[in-house]
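Chemist: Please find one structure pasted underneath; my questions will follow.
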Amino acid sequence: MMGVSGADDDVVQIQHPNKPGDPFIVTVNCPDKTGLACDICSIILDFGLCIFKGDVSTDGVWCYVVLWVIPQSLLLPMNSSYLILKERLQGICPPCLASFYLVQQPSRSSPVYLLKFCCLDREGLLHDVTKVLSELELTIQKVKVTTTPDGRVLDLFFVTDNRELLHTRKRQDETCERLNAVLRDSCISCELQLAGSEYEYNQGISSLSPGLAEELFRCELSDNEVRSQALSPDMAKLKKTIVTLDNSLSPAHTLVQIRCADHKGLLYDIMRTLKDMNIKV
């Protein structure tokens with residue numbers, strides 16, 4: 001669970017491997033801020049460590065970062081280096097104070113814009129996109145990423161413009177052109193518009209255009225997707241996602257039944273969608 005840590009030592013934890021060759025596990029549990037994950041990765045790389053795998057969770061106020069890292073050189077002095085690494089990581093984390101929740105709100109001096117694009121997923125995609133946005137001097141306020149079983153991704157970036165020019169057509173076209181140059185043929189669509197109520201209520205998916213929603217969340221599965229479900233004959237026959245809502249079983253609760261092809265992260269996607277809709281399980 002994400003929440004206030006009891007002591008500063010709990011903000012950053014480094015777990016040593018059980019046997020030689022296994023990765024170290026670096027855990028950061030602290031209030032969120034813009035660019036925090038970038039700062040964490042930068043410090044880790046400065047210490048000669050390679051990030052093998054990572055997992056980042058945030059609700060916009062608090063974040064929980066887990067990174068699996070391995071030394072690039074076996075000659076690194078482990079004990080002393082990791083103590084210094086822990087101190088450096090603690091130094092960039094915002095203070096764990098209750099007042100943080102009152103002051104860490106995005107600035108309203110600059111309008112927030114919604115950048116949304118759909119493309120084919122690939123390794124390093126998020127890195128390339130955030131690099132372009134940084135070069136364009138756009139500050140990321142919030143990010144929402146959705147993936148589909150057939151290897152496509154929908155990214156929603158809520159950004160503010162440090163140049164205060166994003167309201168102009170020239171600046172908007174420049175942003176989309178730079179993204180298209182990075183995404184190339186994998187880009188399906190790219191849109192940029194002034195963010196509305198979806199930013200306040202975290203309802204980013206509701207702002208999708210009907211055409212993009214149909215393309216991203218189509219019910220029909222491709223032949224490859226059907227074959228990937230060959231281990232389950234019933235699921236191999238299932239070509240449509242079926243969602244059923246039933247209010248007859250309880251006066252206080254709704255039963256949600258979902259029948260669809262399985263994929264990695266399905267439960268997470270379902271729970272995140274329900275949370276964004278303010279539905280409690």
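The values are calculated or read from the model by the stated rules, or taken from the named source; none is laboratory data. This structure is a prediction, so every number in the text was calculated from the model and none was measured. In this analysis, Cβ positions are derived from the backbone assuming ideal geometry, glycine residues included, and neighbour counts consider all displayed protein chains.
Chemist: So in segment 103-121, with the set limited to residues that are in a loop (DSSP other than H, G, I, E, B), at pLDDT 85 or above and within 19 Å of the chain's Cα centre (by Cα), which one is farthest from PHE158 (Cα to Cα)?
Modeler: Selected residue: ASP121.
Chemist: May I ask you to list pairs of residues, at least six apart or on different chains, whose Cβ atoms are under 9 Å apart, with the first in segment 122-136 being assigned by TED's automatic domain parsing to the domain that holds ARG184 and surrounded by 12 or more Cβ atoms within 10 Å (Cβ to Cβ) and the second being part of a helix (DSSP H, G or I) and among the basic types (Lys, Arg)?
Modeler: Correct list of pairs: VAL132/ARG178; LEU133/ARG178; LEU136/ARG171; LEU136/ARG178.
Chemist: Residue under question is PRO23, and the condition is that it be touching a Pro at 6+ places or on another chain (Cβ under 7 Å) and loosely packed, with under 13 Cβ neighbours inside 10 Å; does it hold?
Modeler: For PRO23, the condition - touching a Pro at 6+ places or on another chain (Cβ under 7 Å) and loosely packed, with under 13 Cβ neighbours inside 10 Å - is not met.
Chemist: Would segment 173-180 turn up any residue that is polar (S, T, N, Q), modelled with pLDDT of 85 or more and part of a helix (DSSP H, G or I)?
Modeler: So far as segment 173-180 goes, yes, one or more of its residues are polar (S, T, N, Q), modelled with pLDDT of 85 or more and part of a helix (DSSP H, G or I).
Chemist: What's the number of the condition SER222 fails, among (1) under 16 Å from THR148 (Cα atoms); (2) surrounded by 11 or more Cβ atoms within 10 Å (Cβ to Cβ); (3) within 22 Å of the chain's Cα centre (by Cα); (4) modelled with pLDDT under 85?
Modeler: So SER222 meets the others, but not (3).
Chemist: Looking at segment 150-176, which of its residues are over 17 Å from LEU126 (Cα atoms) and either in contact with a Gly (Cβ under 9 Å, 6 or more places away or on another chain) or acidic (Asp, Glu) (or both)?
Modeler: ASP150, ASP161, GLU164, ASP173, GLU174
Chemist: Would you confirm, using the coordinates I've provided, whether ALA230 is surrounded by 15 or more Cβ atoms within 10 Å (Cβ to Cβ), modelled with pLDDT under 85 and outside the structural domain of THR148 (by TED's automatic domain parsing)?
Modeler: In short, no.
Chemist: Would segment 57-71 turn up any residue that is in a helix (DSSP H, G or I) and touching a strand residue (DSSP E or B) at 6+ places or on another chain (Cβ under 8 Å)?
Modeler: Among the residues of segment 57-71, not one is in a helix (DSSP H, G or I) and touching a strand residue (DSSP E or B) at 6+ places or on another chain (Cβ under 8 Å), which makes the answer no.
Chemist: Another question, then. Quick check: is even one residue across segment 159-170 surrounded by 13 or more Cβ atoms within 10 Å (Cβ to Cβ), within 23 Å of ASP276 (Cα to Cα) and modelled with pLDDT of 85 or more?
Modeler: Among the residues of segment 159-170, at least one is surrounded by 13 or more Cβ atoms within 10 Å (Cβ to Cβ), within 23 Å of ASP276 (Cα to Cα) and modelled with pLDDT of 85 or more, which makes the answer yes.
Chemist: Could you tell me which numbered condition ASP155 fails, if it satisfies all but one of (1) modelled with pLDDT of 85 or more; (2) in a helix (DSSP H, G or I); (3) buried (at least 16 other Cβ atoms within 10 Å of the Cβ)?
Modeler: Among (1) modelled with pLDDT of 85 or more; (2) in a helix (DSSP H, G or I); (3) buried (at least 16 other Cβ atoms within 10 Å of the Cβ), ASP155 violates only (2).
Chemist: Among the listed residues ARG163, ARG169, which satisfies the condition of being out of contact with any Ser or Thr (no Cβ under 9 Å at 6 or more places or on another chain) and over 18 Å from SER189 (Cα atoms)?
Modeler: ARG163
Chemist: Then there is this: Quickly run through segment 158-172 and pick out the residues that are touching a Lys or Arg at 6+ places or on another chain (Cβ under 6 Å) and either assigned to a helix (DSSP H, G or I) or in contact (Cβ under 8 Å) with a residue 12 or more places away in the chain (or both).
Modeler: PHE158
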